[in-house]
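J.: Sharing a structure, written as structure tokens. Questions coming.
Nothing in this text is a laboratory measurement; each read-out follows from the coordinates by a stated rule. Just so it is clear, the model here is predicted, and its values are computed rather than measured. Cβ sites come from the backbone with ideal geometry, for glycine too, and all protein chains shown count toward neighbours.
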Amino acid sequence: MTQKISSSTAALLTIAPLMWAGNAIVGRLVHQMVPPITLNFLRWAIAFLILIPFGWKIFRPDSGLWENRKRFALLGLLGIGLYNALQYMALQTSSPINVTLVAAGMPVWMLLVGSLFFGLKVKRQQILGALLSIAGVLLVLSRGDLGQLLGFKLVAGDIFMIFATIAWSFYSWLLTQPKDPPAIRNEWQAFLLAQIGFGVLWSGLFAAGEWTLTSPSISWSWPLGAALLFVAVGPAIIAFRCWGAGVQRAGPSVAGFFSNLTPLFAALMSSAFLGELPHLYHVLAFALIVAGIVVSSRTSRS
């Protein structure tokens with residue numbers, strides 16, 4: 001049966017990829033102003049300060065957080081400490097269009113991680129969809145020249161983004177495992193804050209390593225301040241809330257189609273703000289990735 005969704009649900013599921021595309025654009029705009037791992041730390045530190053007045057009770061001894069501290073420490077490491085830092089590192093050498101298209105191959109890694117570590121039984125149409133998505137990602141990595149794949153010459157940013165998608169796949173599967181305490185699960189602010197609390201510690205530790213092992217610098221300015229506020233409020237808090245509410249209404253299988261709007265929005269924004277026009281291979285790659293998602297999401301009727 002075909003599931004119809006309301007316009008408000010569609011709006012929720014569209015806002016999230018719009019914000020994520022904006023995150024890639026802003027990350028590229030400020031990549032010479034602030035080191036990537038430090039950018040990730042500052043982003044989540046600001047988000048933590050914004051959310052703490054609304055969810056501070058999560059840190060009380062009786063909230064259930066501390067009994068589940070290992071779980072939330074791992075979620076904070078994968079979803080906040082690693083994924084976003086690797087994405088900002090990718091944007092140092094790769095364009096937002098490439099980064100978001102590589103990330104659009106997420107369903108492939110979701111299938112692999114689920115099958116290898118979480119007991120997922122992969123269906124035939126999911127394998128076919130994964131192959132189509134892989135073809136799209138390979139087209140991006142080769143920059144439209146399949147001969148480059150024979151030499152296996154990848155930009156460092158592409159490799160960082162592949163590792164980022166693997167980290168996010170583990171993060172997503174872990175979200176589906178144990179049942180969290182009601183005080184955490186029933187309040188989106190508390191659920192996000194529980195992850196950010198640990199994620200800020202991880203990202204702060206990684207940022208300290210960045211400053212110890214390299215010679216970074218920050219060019220403080222009003223544009224940088226505005227960028228930090230945007231990535232903390234938009235892609236972090238607003239996108240997380242809209243996506244969570246949209247998935248609850250439409251279900252993850254329907255919501256998955258909307259996540260592939262991210263590279264489309266990134267291409268439009270890159271053209272508008274960075275002057276980076278999409279190429280034909282970007283369009284073909286996007287079509288392959290979307291086709292892969294459509295095929296793998298189809299369910300046979302009983």
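J.: Note down the relative contact order for the chain as a percent, whole number, built from C-alpha pairs under 8 angstrom at least six residues apart.
T.: 41
J.: Helix-only estimate, please: 222 nm mean residue ellipticity of the chain, summing -39500 (n - 2.57) across DSSP H runs of length 4 or more and dividing by its residues, to the nearest 500.
T.: Mean residue ellipticity at 222 nm (helix-derived): -22000 deg cm²/dmol.
J.: Would you count, across the chain, every pair of lysines whose alpha carbons are under 23 angstrom apart, provided the pair is eight or more residues apart or spans two chains?
T.: Lysine pairs meeting the criterion: 4.
J.: Right, here's the next one. Please arrange 6, 203 by counting, for each residue, the other beta carbons lying within 10 Å of its beta carbon, fewest first.
T.: 6, 203
J.: Further, regarding this structure: Would you mind putting 186-192, 22-28 in packing order, based on average other-beta-carbon counts within 10 Å, highest first?
T.: Descending mean neighbour count gives 22-28, 186-192.
J.: Gap in Å between the Cα centre of region 56-81 and the Cα centre of region 1-52?
T.: 21
J.: Which of 262, 93, 38 moves most in a GNM of the chain, Cα contacts under 10 Å?
T.: 93
J.: Another question, if that's okay. For residue 6 and residue 179, FRET efficiency with R0 = 30 Å and r from the beta-carbon atoms, rounded to 0.05?
T.: Efficiency computed from Cβ-Cβ geometry: 0.60.
J.: A follow-up question, please. Just order 160-172, 263-275 by mean Cβ neighbour count inside 10 Å, highest at the front, would you?
T.: Highest-to-lowest ranking by the protection proxy: 160-172, 263-275.
J.: Can I ask one more? Can you tell which of 6, 77, 37 lies farthest toward the positive end of the dipole of the chain, using +1 and -1 charges on the Cβ of basic and acidic side chains (Lys, Arg; Asp, Glu)?
T.: The residue sitting farthest along the positive end of the dipole is 6.
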